[in-house]
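Single-structure report; data block below.
The values are calculated or read from the model by the stated rules, or taken from the named source; none is laboratory data. Remember, predicted model here, so these are calculated numbers, not experimental data. No Cβ is skipped: glycine too gets one built from the backbone with ideal geometry, and neighbour counts run over all protein chains shown.
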């Protein structure tokens, strides 16, 4: 868990600015992060979301990247719900499976750390 926490902190430092994200995404760091994620986490996607609700990074880079979960097109989704619960409580949160539009309405269960 410490390794994941350290990686999340590093990613946040590098990807907290969406304009920077657009220029960094094609660099080798993205391949390293995606490789670690798919090998060790075994989940479909990973999001970095600022306290203001801005989605600044996703492994999959779907249409939610660069949007705001509080005011944008995904403000009525499970991702927004879990983001708000974790942000407000500062504790991990779980969101049950529901259709998620950026992933072709496939069911998505969510965990926030």
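Key figures for this structure:
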| item | result |
| --- | --- |
| Some residue of the range 102-112 being out of contact with any strand residue (DSSP E or B) (no Cβ under 7 Å at 6 or more places or on another chain) and buried (at least 20 other Cβ atoms within 10 Å of the Cβ) | yes |
| Residues of the range 74-108 classified as in contact (Cβ under 8 Å) with a residue 24 or more places away in the chain, in contact with a helix residue (DSSP H, G or I) (Cβ under 9 Å, 6 or more places away or on another chain) and either more than 16 Å from residue 48 (Cα to Cα) or assigned to a loop (DSSP other than H, G, I, E, B) (or both), total | 3 |
| Filter pass, residue 56 being farther than 20 Å from residue 109 by Cβ, within 12 Å of the chain's Cα centre (by Cα) and at pLDDT below 90 | yes |
| Residues within the range 31-53 that are at positive phi and either modelled with pLDDT of 80 or more or surrounded by 14 or more Cβ atoms within 10 Å (Cβ to Cβ) (or both), tallied | 1 |
